[in-house]
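Worksheet: one structure, shown below.
The values are calculated or read from the model by the stated rules, or taken from the named source; none is laboratory data. Computed from a prediction, not measured in an experiment: that's the story for all the values here. Don't worry about glycine lacking a Cβ; one is built from the backbone with ideal geometry, like all the others, and counts go over all protein chains shown. For the accessible areas, the whole protein counts, side chains as well, though only heavy atoms, and no ligand, DNA or RNA atoms are used. Shrake-Rupley method; radii C 1.70, N 1.55, O 1.52, S 1.80 Å.
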Amino acid sequence: MEKYQELYEILRKEMKPALGCTGPIGICFVAAQAYDAIGGEIKKIVCEGFGPKSDDVAFPGTEMLGAEMAAALGAVCGDPNAGLEVLHSVTPEGELKARKVAELVELVPTDDLDLGAARKITIETDKGVGVAVIKGAQDGLIYKARNGEVLLEKEPDALNRAGHTPLMKYKIKDFYEFVTTTPIEKFDFILEAIEMNSKMSEYVLTHDDVSIGIGRNLLATSTPSPVSRAKAAAAAACEGRMSGVPLPIMSVGGKGNVGIASSMPLISLAKDLGSKQEDLQRALVISSLLATAVIHRIGKAPTMCSCEVAATMGVAVGAVLLQGGTEQQAENAIQNLIPNVFGVVCDGAKLACALRMASGTAMALDAAELALKGVRLANNQGVLDINADASIDFLGDFALNDMLESDKKLEAKMMEKRKIFPLMTFTDRQKQ
């Protein structure tokens, strides 16, 4: 364990409870910090660097959609000390006030091609001006000021510097050795993730009035199998977050959907296999670690879909470990999977993420099953490099550097068709 103490500490820092979709919740968090700096009656809110990828999900405590509403909710109802659970105390009165404040919000998209660019919210009130800035992560606060007086200023956390983090020096074999040799009691923290994420999934699967029924119908209409049940479990939990169900989940790498996508398929599979709890814990740890390692390469505000790309690799490796596979079979599973998920773009958080999560689950479990049966794609073909570690590096470099221009063009096109209706509800959106 001492050899991999840094790995353990990184994983603990990268797994946090989150309430609501972490993309727009990041806006809520910054707004809460900016308002906390100044207080008073809000006159205007300016959000700089936030694009159209946070428009299509509901927030806990309200059905309202949109980045404007996210900023308003954060300022009016947000708890600046609650991190990614910033909206834990939304009240009906606060929600009504936030609807009015949303009309005072101005969005200023950025042309910066740096995926880790700073994002800033300025709130003008009758007491002056409050400012807050995040960089690299949705809760990565680096600056806070009141009427020009600096209250906080610091460098971004090293874990948020995409392409240059301490985690990147470790290889898949290190993850495998760490997970298989560490005393199981050190991984008891993963039990909270199992409980939280399973609770969200079960809630959506057992309540017909929640969301549009992607997970429930996948479960009802598919031929029963471990894969179909895993797809439904993951999709349902994702639906709950996108629909604003007020239950927290455990995020991974600063992303709630990655926390779900890297855990629920394995939790479901373990039930079907009758796996021991210890085996599931180890599988979830390596899944979370590998997903985080990929996120550290593609960035926390990535061009590629972190669920379809990062989480699926974690699930593939976790499924191999859960079924007694070797480290080499885990690497083979990654190589089997990468050509299927390479380059899948992120177009923002929305209900469609549940469908992506279902398809990603199937691809990951298929890749693992094939690897366990001795099937592997040849190295060094197409986007595959000489081994799985090199392939992941190749993927990360392409996402972090070569896809930047296309990502900004995608955001620009999304902004062109964006209709700003601060009072649109989740239900109204589904009628469009």
> If you take the Cα atoms of region 42-177, find Rg, then find the Kirkwood Rh from the mean of 1/r over all pairs, what is Rg/Rh?
Replying inline: 1.03
> Using DSSP loop states and a limit of at most 16 other Cβ atoms within 10 Å to flag GluC sites (Glu not before Pro), what is the longest stretch of the chain containing no flagged site?
Replying inline: 64-432
> How long are the three semi-axes of the equivalent ellipsoid of the chain, in whole Å, if each is the root of 5 times an eigenvalue of the C-alpha gyration tensor, listed from largest down?
Replying inline: 35, 23, 20
> For region 228-386, what is the convex hull volume of the alpha-carbon atoms per residue, in Å³?
Replying inline: 100
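How big is the Rg/Rh ratio for region 160-211, C-alpha atoms only, Rh by Kirkwood, two decimals?
1.19
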> When the Cα centres of region 318-352 and region 391-420 are compared, how far apart do they sit, in Å?
Replying inline: 21
>> Given a 1.4 angstrom probe, I'd like the percentage of the accessible area of the chain that is carbon and sulfur, rounded to a whole number.
In response: 51
> On a 0 to 90 degree scale, rounded to 10, what angle separates helix 5-14 from the longest Cα axis of the chain?
Replying inline: 50
> Over the Cα atoms of region 229-291, what Rg and Dmax result, in angstrom?
Replying inline: 11.7, 33
> For the chain, modelled as a Gaussian network with Cα springs under 10 Å, which listed residue fluctuates most, A102, A117, A283?
Replying inline: A117
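Can you list the equivalent-ellipsoid semi-axes of region 302-389, largest first and in whole Å, using the square root of 5 times each Cα gyration tensor eigenvalue? Walk me through the numbers before you get to the answer.
Numbers: eigenvalues 101, 46, 17 Å².
Equivalent ellipsoid of region 302-389: 22, 15, 9 Å, largest first.
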> Between K144, K186, K43, which gets the highest mean-square fluctuation from a Gaussian network model of the chain, Cα cutoff 10 Å?
Replying inline: K186
> More than 23 Å apart: what percent of Cα pairs in region 115-264 qualify?
Replying inline: 58
>> Could you report region 11-145's accessible area per residue, 1.4 Å probe, as an integer in Å²?
In response: 34
>> Pick from G66, G348, G382 the residue whose mean-square fluctuation is largest in a GNM of the chain, springs joining Cα atoms under 10 Å.
In response: G382
